[in-house]
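Below is one structure; the comments refer to it alone.
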Amino acid sequence: ARRTRSLDALLPVLYLRGVSTGDFQEALSALLGKDAPNLSPAVVTRLTATWADEYVRWQGRDLSARRYVYVWADGIYLQARMEDQAECILVLIGATPEGKKELVGFQVGVRESAQSWRELLIDVKKRGLSIAPEIAVGDGALGFWRALDEVFPGTRHQRCWVHKTANVLNKVPKSVQGAMKTDLREIHAAPTRAAAEAAMAVFVEKYGAKYARAADCLTKDREALLAFYDMPAEHWDHLRTTNPIESVFATVRHRTVRTKGALSPITAKLMVFKLVMAAAKTWRRLKGENQLPKVVAGVTFRDGTEVIASPDHRAA
C-alpha cells in the first residue's frame, strides 16, 4: 500500500480490508506519514459518493465511437464481503484496433446465468457497440456463450486454455496430472493448427482408454480451443487465455480475500470497480498491434500468417 501512487487505489483497499471511515486518518498517517491527507469520516463519505456517481456515468457512457477487435469475458468470484455467494462480478475487457485494452463491461450477476451475461452484452450494444468483436475469449461457462451467440452472433469463440487445462486435470489422479499438463501444453503451443490437431490425437490415444472423461473434456471443444490459429501469431499469447482479466483480479483478490465484516454487494462492487480502473492505467498494449488493422479489414490469416492471394495468370 505504501507503493500505491494514487489514493484512488489506496482508499478502496482500506475500505475493502475492513477499515472504518473513522479510522481512515490513522491508517493513512501510518502508511504515508505526516504528509497524509486529512480525511475525516465526512470527507470519506463524500469521496465514496463521488465514486458512485463516477460508476453511474461510466455505466452510461456512449460506446458508439468504440470498436473492440477482441474481448475477454469472465465471472470473478471475490470474498469482498459480498452477501450472496452465488453472485460474482461479470467482466468484459476489450482490445481496440490500436491495441489498447479497456474495461468494457462490469456488473454483478450470476456467472453461469445466460440471462446475466445477456443483460451485460445487450447493455453495451444498446449504448452503441454495434460492431461485433472478431473473437471472444472465455472459459466453459455455457451461459456466456449462449448470450454471446444471441447478441453478437458473428463473434467467434476461443476457449481459455488455462481453464480447459484445469478442467481436464480435475478428471484424473494427481499422479497423472504432471505428465498430462505437459502434453496439453504441446497442443496449444504447436506452431500450426495441423500440428495441434495431431498432438490432440496423440493425447486421446495416450489417455482416452483409461481417462475417457478427460479426453472427452478436451475434444468436445476442439474448434473453440484452436480458433486462435486464424489470427496473427503475435496475438496468440493474448487469445489463448483470459489472463488479461485474471492478472488484474489476482491483485483485487489478494486485497479482498481476508476481509471481514459487513459490506453491501453494492459497496463492494463500487470499491472493486475503483481498483480495476486504477489498474487499467498501467495495462500494456497488445503485442503486434500493427496487425490489428488487418484483422479489422478482414484479412485472412492461416496458422498466424497473413494469406497473400497469388495473382491469377491463367489465360482467359
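Annotation: the residues 276, 296, sorted from fewest to most other C-beta atoms within 10 Å of their own C-beta, follow the order 296, 276. Computed from label points 7 Å out along Cα-Cβ, the spacing between residue 107 and residue 297 is 3.7 nm.
Taking only the C-alpha atoms of region 166-249, the Rg (one decimal) and the largest Cα-Cα distance, Dmax (whole number), read 13.4, 39 Å.
Hey, which lysines would be in cross-link range of residue 220, C-alpha to C-alpha under 26 Å, not counting anything within fewer than 8 residues on its own chain? Here the lysines satisfying the reach criterion relative to residue 220 are 164, 171, 174, 181, 206, 210.
Quick note: the coordinates plus some simple rules give every number you see, no bench work behind them. Bear in mind that the values here come from a model prediction, so they are computed numbers and not experimental data. Every residue, glycine as well, gets a Cβ built from its backbone with ideal geometry; the counts of neighbours run over all protein chains shown.
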